[in-house]
Structures are given as C-alpha cells and as structure tokens.
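Everything below concerns the one structure shown next.
The values are calculated or read from the model by the stated rules, or taken from the named source; none is laboratory data. Computed from a predicted model, the values in this text were never measured in an experiment. Ideal geometry is used to build each Cβ from the backbone, glycine not excepted, and the neighbour counts take in all protein chains shown.
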Amino acid sequence: MISSYKQISSKYLKGNLKRTILTLIGIILSVALISTIGLFMKGSQISQMESIKKINGHSFHVGISNYDEALLNKIKYNPQIVSFGLMSQGGIVPVGEASVQMNFADHGAMEFLTYSLDDGKLPTNDREAVVDSWVLPSIKKGLQIGDSFELDGKTYQLVGVLDNRAFTQKSKVGRLLTYKREFAMGEGRILLEINQKANVKEVLEEIKTLTAEENIDINDQLIKVMNPESNQSILATLVIVISIVVIATVVVIYNAFQISVVERMKQFGLLRSIGATRKQIRQIVMREAVVLAVIAIPVGLVCSLLAVAALQFIFSIILEDGAGISFFHIDWQILFISSIITLTAVLASSYYPAFFAGRISPLLAISSRLSIKKEAIKKQKNNALRKPLSFPLSLALKNVKRNKNRYTITILSIIISSVLFITFSSLMDIAFASKYMKDLSTQSDLTVYLKQDRDDSLVERQQILELLKSLENVSEVKEQDSSFEIDLKDTTQSLVTVANIEQTVGTKHAITIVNHMDENKVKRDSELVIKVLVYSFITVISLIGSLNILNTITISIIIRRKELAALKSIGMSQRDLKKMIIYEALIYGLSGSLQGIFFGCILSYIIYLAISDVVKIEWPIPYEACFITFVSALLISFLSVLIPLRKIQKDNLIDVIREQ
C-alpha cells in the first residue's frame, strides 16, 4: 500500500525493471566516460613525467649555479620548493684508454639522480660510488657490485652501476658519482624540485629575480607536463572533450526520461484528477532521476577504476619494469568532480520531462488525446518507394520522418560517439607524429665511430665492414659517413659483442664503440607506454560509445511495442516488420555516422589549430578513423535491433495492444 505519492517513483522503477536497467546503464556509461577521461589524463601525465625522468636520467626541475649564501637560504626556506640538493663536478681521471669524470652529490641531490641508476643503489657515504657500466673494465677487470677499486688515490666500494649514455661513450669519458657532505659556498649547483600544487610560473619568475638567467637551468620538458594548466591549448582541448561527453550524458538521460513521461501520460493524468499538484508530479519524476543517479554514479566510478586498474595490469605484463610505472592513481578530486558533473547532467536533463509531466491536462491525458497529433499530409513523388519490394523501406522512412524528436535523440548518440572516436583518433595521429615521439625513436644497437682526424681509405673501411659482418651476433651493418650502425641478433649479448669488436677491430683500427642498449630500452618502454595509453583510451571511448548507441536504439525500439503489435495485427508479416526495423536502424547509423564524421573532422581540425603552437606538424585527415566510424555505426545499429526483435517476436498481440 502506498502511503505517500513519493513512493510512486520507486514503485515505477521496480515495475519497469528493463527500462530502469537501460537508463541506469546510460548513466553508468556517462559517469564512467567522464571519470575515465580524467583518470586517463592524470595517469598519462604521471607516466609521461616518469618517461621524461628516465630519458633525462634525473628528476629535478631547476638547476642553479654561481649561488651565494643568501640565495641558498631563500631556496632552503621557500615553502613552494619541496626539496633541494647540491651537486658538483670534480676532475677527470684517466683510466686506460678512457677517462672518468668525478661527480659529487649530497643526499638531497642523490634523490634526483635515481633515474640514472641501472643496477644496485646510490652512494650513502664518501667511500661508496656508482660508475657507468661501460667504463668498469677500464677501471678494473672483472669489477662487479660489491667489489672495491682505487681511483685518484682513494678507495671506493662499487654499490651500483649507472646506465650507459651515448655522449659518455663517444667522448670516452665515463661518470663516477659519490657522496659529499660539505660543499664550499658557490661550489657546483643547486638542484631543486617545485611543489606540484604551487604556481610553477610564479616560482620560476621569483627564482629568475634572485640570480642571472644564464645561471638557471630549467627542465622545461618536465615542467610543461607537470603543469599542463599553464598550456592554454591543452586546457581548451580538455574543456571541448568534457563538454562533448556532458552533452552525450544529457542526451541519453533526457531521452530515457522523456520516453518514460510520454509512456505514463495517462498515469499522470489520473494522479492529477485525484488531487496531485503539478509540483508533486514534477517531484515524482525528479525523485526517479535522483534515485537512478545515486545508484549509477558509484557503479560508474568503480567501472572507471577497474578500467584503469586493468591498464596497470597490462603494463605489468608487457613491460619488464612495468610494476615501476604507477599509472593506477586514484584521484579523489577527479572522481568527485565526475560525480558532480554527472549528477548535474542527470538533474538538468530530467527537469524538462518533469516540467512537461507537471503540465499534463488530466482530461486530455486520460482520454489519450495527447498522443494524437495532427500532421500535414505530404504527397510522395518517389515512385521507387511505392513498389511492393521496398514497402518496409518506405515505412521505415515514414517512421523516421514522423517522429523527428526520437530521430534527433537517437542519432545524437551516434554523432557524439563518432565525434569522440574521430577526435581522439586524430589526436593520436598528431601525438605519434609529434617531435616528442620522434625523439623516442631508437637508434641501432651499437655504433662504431672512426677517428675524426684520420683519413681512412676505402680499402680500410671495407676491411672494417667485413670484420663487423663476420661477427657471430651481428645481424646487420649499415655504413655511414664516419661510423657503422650495427643491429644485433641477441641484444642480451651486447657486452660480449662489444668485447669481440674491441678484439677483432679495435686492435687493428682506431675506433670508438657506443652501446645504445640502455637508452633504446628506456625509449622503447616510453613509446610503448604512450601507445598503450592512447590505444586503451580509444578502446574505452569506442566501447562506451558503442554501448551508448546500443542502449539508445534498444530503448527506441522497446517503447514502440504497442505500435509494432498494431502493424502486425493489420496484416504486416514478421519478415516485413523485421526488415522495417532493420532499415530504420541502418538509417540511424548512416545519418548519424555521416554527420559524426563531418563534425568529428571539424572538431579535430579545431583542436589541431589550438595545439599547433605546441606541435609543429600538418593536420592529418583521419581517413581511417572515418571509415571505421562509418562501418562500426552501421554494424552496431544493426546489432542493436536484434535483441528487441526477438522479444517483439514472442509478444502476444492482444496483450501488448491492451497494455495501458
């Protein structure tokens, strides 16, 4: 027994479970999409920052040289600076055919240099050291982590190995890093990290006022990624994308509630006739919206977190050090904002249907005259559609034309999904063509440089080429102006191959060998992270968009059960009915995809113009994305009517027509 009109909302939701579930799915997909975009953006920011740190080999934001005590104190006591340290370079010590550059750092600076470490740990006292792995044989044969060695009159214990860098190998000057506690004032430089919550631009401007600009070394690449809000182009792109998603949310939810209200006009008319006020009718509809939102929003947020967690799991599988990439980052602020946006969209999109329900006239609603609309009759001049063969197509076109509101709402879902897919696919193409991705392109496994001051004859170069090709682990050798690019069969045996080249070629010719394996690994991992991020995001967008289209078309078919039953009752065969519904779905897919392709290309070009000052490339027309969108929209539209058709086939005509 109902004791309050407010209970009508829950009674209706329980009584129409299928409709309630479809509406819930629409809201869940919407909040999942909004929060997933936010979490993906945050996760990609974190992974990109990690990638830059690994490529550079350090994580500090600013380096300051030629400092004095006043400047050091201002850095030390600045609340906007999270941490700082001191680092300096010493002399160059010859070791065999190579040399070693001495480097000193305190505990604060050591924290910024962990990304240069390939194995072991960083020094914690002045008796410990880490060295470039390629220079170890020159210091002491068979030197390994844990062993002691003597350099420049001092004994060190090797506690770690630094990753190989091309510039150190080419110059034959390796790096040695050890701990130093006390620094003379002005010695070396200050390394510092700015608080991510601080206004980075203001902090940098403040630092520039403390010393000459030539004394400041800013890690621009890392700061740009850390502080994307400062880039108006990225901010504009984000606002456009979120706006599209919010519009999609409003359309889906508005569609569900408008259909619900139209279906229940007679019920609302009866309630009005027994004394329910307009306000009470509006509150019934709004209460339904709130109940659905309260249920759907947490589920959508959980789905979003599961999607990001699945991505983290993928990273841990495909990358050797995938566990070190912390892409899974729960940002409560993003989840809260996503919830508020979705709740606002639900309430806003249900307000008009609620307002419409409150204005229903009791007499007109009870007599069902509200569902009868007088329309202008237009004579059809297209004789082709009058043929018996095209009767289902003719009827499908008439159904589409006579209910423009339903047609608009249905194709809006397809248009928005198409626009999102094309836009992000275009952004992916732009990102992959950008300078950042080109910088991640790997070199050959090894490079053998000839001495610049030697005039090598063609015969000698040919001899070197033949010797390199004869090595067991060498897959391919490419001859350059003053070097040979070598690809290996087994990259794990790169150190053995370097030793073989030294023995076979190095003893006869003056050469320098550069091992690119460590740098290539970092670049490959960084490139793979970006590609997985982008393709995963496109997959999530496509999946949510497809479910959105599926949900919208399914609802539009289910609400017409009485109309379709009436057509069957006057002699329309099940085959013709099936054809008519499939034609309608294909019309939705065709119209929605073509309009989505048009608006998607325009939006992707607008975004390209917004970021053209950051990415200097030509706009690539997304032909592939447009083709995929067109085919997918038709396929999803076709599949979305199959399940409702099965249910309609099983319907009892008399029972459906007599339904209130």
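Scan the stretch 78-97 and tell me whether some residue there is touching a Ser or Thr at 6+ places or on another chain (Cβ under 8 Å), more than 26 Å from Asn199 (Cβ to Cβ) and among the small types (Gly, Ala, Ser).
As a first pass, look at the stretch 78-97 and keep what is touching a Ser or Thr at 6+ places or on another chain (Cβ under 8 Å): 92-93, 95-97.
Add one more test, that the residue is more than 26 Å from Asn199 (Cβ to Cβ), and what stays is 92-93, 95-97.
Those left that are additionally among the small types (Gly, Ala, Ser): 96.
Yes, the stretch 78-97 has at least one match.
From the list Lys53, Lys42, pick out the single residue that is modelled with pLDDT under 90, part of a helix (DSSP H, G or I) and either closer than 30 Å to Glu150 by Cβ or touching a His at 6+ places or on another chain (Cβ under 7 Å) (or both).
Numbers: Lys53 fails: either closer than 30 Å to Glu150 by Cβ or touching a His at 6+ places or on another chain (Cβ under 7 Å) (or both).
Selected residue: Lys42, the only one of Lys53, Lys42 that is modelled with pLDDT under 90, part of a helix (DSSP H, G or I) and either closer than 30 Å to Glu150 by Cβ or touching a His at 6+ places or on another chain (Cβ under 7 Å) (or both).
Would you be able to say whether some residue in the stretch 66-74 is under 18 Å from Gly300 (Cβ atoms) and not assigned by TED's automatic domain parsing to the domain that holds Leu550? No, the stretch 66-74 contains no residue that is under 18 Å from Gly300 (Cβ atoms) and not assigned by TED's automatic domain parsing to the domain that holds Leu550.
Quick grid of which residues meet (1) of a type in the set (Lys, Arg); (2) buried (at least 20 other Cβ atoms within 10 Å of the Cβ); (3) within 29 Å of Asn403 (Cα to Cα); (4) out of contact with any His (no Cβ under 8 Å at 6 or more places or on another chain):
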site	(1), (2), (3), (4)
Asp490	no, no, no, yes
Ala510	no, no, no, yes
Ser536	no, yes, no, yes
Glu563	no, no, yes, yes
Ala566	no, no, yes, yes
Ile570	no, no, yes, yes
Ala585	no, yes, yes, yes
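For the stretch 329-348, a residue qualifies if it is under 29 Å from Phe313 (Cβ atoms) and surrounded by 14 or more Cβ atoms within 10 Å (Cβ to Cβ), and the qualifying residues are His329, Asp331, Ile334, Leu335, Ile337, Ser338, Ser339, Ile341, Thr342.
Given the criteria assigned to a helix (DSSP H, G or I), over 30 Å from Lys523 (Cβ atoms), modelled with pLDDT of 70 or more and small (Gly, Ala, Ser), does Ala276 qualify? Here the answer is no, as Ala276 does not meet what is asked. Taken over the stretch 181-193, the criterion of being touching a Leu at 6+ places or on another chain (Cβ under 8 Å) and either surrounded by 11 or more Cβ atoms within 10 Å (Cβ to Cβ) or more than 19 Å from Thr211 (Cβ to Cβ) (or both) is satisfied by Phe183, Glu187, Gly188, Arg189, Ile190, Leu191. Among the residues of this structure, Gln258 does not count as one that is of a type outside the set (Val, Ile, Thr) and modelled with pLDDT of 70 or more. Filtering Gly160, Gly153 for residues that are within 38 Å of the chain's Cα centre (by Cα) and either closer than 21 Å to Gly120 by Cβ or surrounded by fewer than 20 Cβ atoms within 10 Å (Cβ to Cβ) (or both) leaves a single hit, Gly160. Cβ-Cβ distance below 8 Å, separation of 6 or more or different chains: which pairs start in the stretch 352-367 with a residue that is surrounded by 15 or more Cβ atoms within 10 Å (Cβ to Cβ) and end on one that is modelled with pLDDT under 75 and not in a helix (DSSP H, G or I)? Sorted first by the residue in the stretch 352-367, then by its partner, the pairs are Ala357/Arg264.
Screening Val656 on (1) at pLDDT below 70; (2) outside any helix (DSSP H, G or I); (3) β-branched (Val, Ile, Thr) shows it passes everything except condition (2). Elements of the type strands (runs of 3 or more DSSP E) sitting completely within the stretch 443-522 and holding at least 3 residues that are touching a Ser or Thr at 6+ places or on another chain (Cβ under 6 Å): these cover 446-450, 483-488. With a requirement of 2 or more residues that are without any contact (Cβ under 8 Å) to a residue 24 or more places away in the chain, the helices (runs of 4 or more DSSP H) lying completely within the stretch 87-175 that satisfy it span 166-171. Scan the stretch 268-282 for residues that are surrounded by fewer than 19 Cβ atoms within 10 Å (Cβ to Cβ) and closer than 14 Å to Tyr12 by Cα and the total you get is 0. Across the stretch 530-572, which residue is farthest from Ser394 (Cα to Cα) among those that are among the small types (Gly, Ala, Ser) and in a helix (DSSP H, G or I)? Checked the stretch 530-572; the qualifying residue farthest from Ser394 (Cα to Cα) is Ser536.
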